[in-house]
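What follows is a set of notes on a single structure, which appears directly below.
Here, each number is a calculation from the coordinates, and none is a lab measurement. Model, not experiment: these values are computed from the prediction. With ideal geometry, Cβ positions are generated from the backbone for all residues, glycine too; neighbour counts draw on all protein chains shown.
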Amino acid sequence: MRLLPSTSARRLGLRLIAAGPGGYGLATLFSLAALALPLPTLAAARIGMLGSFAVFAAAVIGVFAARDVGRAWAGLALAALPLALGAWHGTHG
Amino acid sequence: MARTAEPRRGPGLRRAMGGVHAWSGLIAAWLVFAIFLTGTVSFFKDTLSLWMQPELPRATSPLEAPELVARWVALLEARAPEAASWTISLPSEREPVSTALWRGAEGIERLAVDPEDMSPVTARATRGGDFFYRFHFQLHYLPVIAARWLVGAAAMLMLIALISGVILHKKILRDFFTFRGGKGPRSWLDAHNAFSVLGLPFHLMITYTGLVTLMTLYMPWGLEAAFPEPETRRQAVSELHDFPRVGRAAGVAAPLVEVAGLVADAERDWGRGGVARVRIEHAGDAAARVILWRAPGGRLNDQGPRRVFDGVTGRRQDTGEAPGADALTHGVMVGLHAGRFADWSLRWLYAGLGLAGCGMIATGLVLWTAKRRLKPRPPGGLAWVERLNVAILAGLPVAMAAYLWANRLLPVGLPGRADWEVHAVFLVWLAMLVHASLRPVARAWREQLWLGSLLLALVPPLNALTTEHGPLASLLDGDGQRLGVDLSCWALAALLAAIARRLPASRLATHRRARKKAIAS
C-alpha cells in the first residue's frame, strides 16, 4: 500500500492549493494593500475589493501557466511580497 | 497537468490552459448554466411578475407622482403610524402598480394600490420573476449565505474558464467564422467558439460584475481591517452600497414636511416619472427624514443619485456632490450587471447575449463529453456527466416552463400557493433528472427538449384559457408587457424545437461517423 500519492498527483495537488487558497490569499493581500492608498478609507477599501477578483483570477492562471509547481509557488511568493508590505502599511499606518 | 520542466510557451502553455479550461469549466458549468439562464430571465423580472399576476390593473393614466405620494402619506399615517420607515414605489411602465413597504408587528408588510385611484389591489400569491432573480445568486432551499458562497465559487471558476479559454485560442477571430457541421466534437467545438467569441466581452463583464455585487461577502477583509468596530463597519457597508440606513427616532413629535412638494421639485429636475422610490423615516418625529431615489432610466451608474431631506424642515441634507471615482466605478459595474438602465432594445440585446452565454456553457459541456466519448476507452464517470448534462441543460428549461404552468393552474386560494409554484419547479426538475438517468442519453435529450418546447408553446393558449389576458386580448388591449411574455414563450419553444431537431437520433450514429472520418484523415 502506498501512503503518499504519486508524484504527479502530489504536484497537481500542490498546484491546486497554490491556485485556490494561494490565489485567494493573494487577493486578500491586495485588498488589504489597497488600504495604504492615499485615499479616504472607504474609497481605498472599495478599490481593494473591486480589484481583488482580478488578482485572484490572474494568480490562478499564473499558477497553471508556470513551467513547474516550484515556479508556481515562487511566483506567488514574489507577488505576495510587495502586497504584504503594502498590507502592513495599510493596516498599521 | 503537472508534467515537469516542460516549456510552457507556445503549445505547452496552451495545453496547460486547455486543462484549466476543461476542468474549471466542467466543475462550474452546471451551476453557472442555471445562474445564466435564470439571470437572463431576470432582466425581465418585473414584466414576468406582471404576467404572473393577471389580476393587476394596467393603470394607463396613473395619478401624478406628487398627488400619489400625498395620498400614500395620508394612508400610511392612518395605517402604520408606528413604522420606522415607509418605502413607496411609484409606478413605471414595467411595474404599473404602486406599492408601499413597512416593517409592522408581524414583519415586513406590503400594500399595492392601483395608481389611478388608490384602490387596493389584490393578486394571486406568487414570487413572480423575483424567484428567478433570487435563485440566480442564492439558489433555493439552502441557507442564503452558503448558497451565495457556492454561486461565488462557480462565478470565480467561470471567470477562470473564460480567461483560460481566451489564451487557449490562437486564432480567436478566425475560429469565430468557422463552422464545420455534422462532424461530432468538431461541430460542437465550432458552436462553442461561436457562442463564446460572440459574447466574450459580455460574458467577462457579467461574471466579474456579478462577483462585485456580492464583494462585501466574498472579500470582507479590507473592510474588517479598516473598520474594526461592527457599528462603523455597518455604516461603511451601507455607504458602500449607497443604501442609507434608517436612523433612530428622536421621540419628540414634529409634523412631517409636505413630501409631495419635494417630489414635485425633484420631478422638475429629473423629468416626469423621474422619481422611482420615496422613503419616509419616522414620520411625525423630529428626526424624520425623506429620501427620493431617481429612476434608473438611461443611466449606467446604478447607485444614486438620490436626494435626502430633513423630514420636518424639508432642508436638503445630502451635498448633491458627484460620487468619487471609486463609487462611480462600483456603481457602473453593478449597473452594467443588472441592466436596469437599459431601454427595451438594449434589454433584448442583454437577453440575447445571456442566451449566447447559456449556449456557450451548454456546447462546452457537450463538447467535453463528445471528446472523451471518442477515446478508445472512455473514462468511467462519463455516462453520468452525459446524463447530468441532459437533466440540467434540457431539464431546467422544462422546470422553468412548469413554473408558468403552476402559476396558471394552482388554485388562487391554495394555502402556501407561492411556495407551491416554486416546489413545482424543483419537482419537475427532479423528474427530469430521473428521466435522464433511465432513458438512453440521445433519446433523453430529444424527449426533454421536445417536452420543454411543448410546455412553452402551450403557455399562451393556457394563459388565454385561464385568464382574460391571453395573447389576442393583450394585442387588442395594447398590453405589450404581457404580450411580450407570451410571444417570448413561443420564441423559446421554437428555439428548443430547433435544437431538438438538430440533435442526432442516436449518439452512436454521429460518433461512428466522426470516428470513421478521424481514422480516414
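Observations
- Residues in region B:332-359 that are farther than 21 Å from B:T47 by Cα and touching a Gly at 6+ places or on another chain (Cβ under 7 Å): B:A356, B:G357.
- The lone criterion from (1) more than 31 Å from the chain's Cα centre (by Cα); (2) more than 8 Å from chain A (Cβ to nearest Cβ) left unmet by B:L217 is number (1).
- When restricted to residues that are under 27 Å from B:D419 (Cβ atoms) and more than 10 Å from chain A (Cβ to nearest Cβ), region B:128-171 contains 25.
- For region A:1-57, residues that are in contact with a Lys or Arg (Cβ under 9 Å, 6 or more places away or on another chain) and within 7 Å of chain B (Cβ to nearest Cβ) total 3.
- Looking across region B:220-234 at every residue that is away from every other protein chain (no Cβ under 11 Å) and in a helix (DSSP H, G or I), the one that is farthest from B:V308 (Cα to Cα) is identified as B:P230.
- Region A:73-93, residues that are within 10 Å of chain B (Cβ to nearest Cβ) and under 14 Å from the mean Cα position of the chain (by Cα): A:A87
- Among the residues making up region B:97-128, those that are part of a loop (DSSP other than H, G, I, E, B) and on the phi > 0 side of the Ramachandran plot are B:M118, B:G128.
- Only one entry of A:S52, A:S31 meets the criterion of being within 21 Å of B:L162 (Cα to Cα) and touching a helix residue (DSSP H, G or I) at 6+ places or on another chain (Cβ under 9 Å), and that entry is A:S52.
- Annotation: of all residues in region A:60-71 being within 10 Å of another protein chain (Cβ to nearest Cβ) and either free of Cβ contacts under 8 Å to residues at least 24 places away in the same chain or not β-branched (V, I, T) (or both), the one that is nearest to A:T28 (Cα to Cα) is A:I61.
Table: residues versus (1) away from every other protein chain (no Cβ under 14 Å); (2) crowded, with 17+ Cβ neighbours inside 10 Å; (3) in contact with a strand residue (DSSP E or B) (Cβ under 6 Å, 6 or more places away or on another chain).
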site: B:A236; (1), (2), (3): no, yes, no
site: B:H241; (1), (2), (3): no, no, no
site: B:R245; (1), (2), (3): yes, no, no
site: B:V252; (1), (2), (3): yes, no, no
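- In region B:438-490, counting only helices (runs of 4 or more DSSP H) that sit wholly within it, the ones holding 2 or more residues that are touching a Gly at 6+ places or on another chain (Cβ under 8 Å) and free of Cβ contacts under 8 Å to residues at least 40 places away in the same chain span B:459-466.
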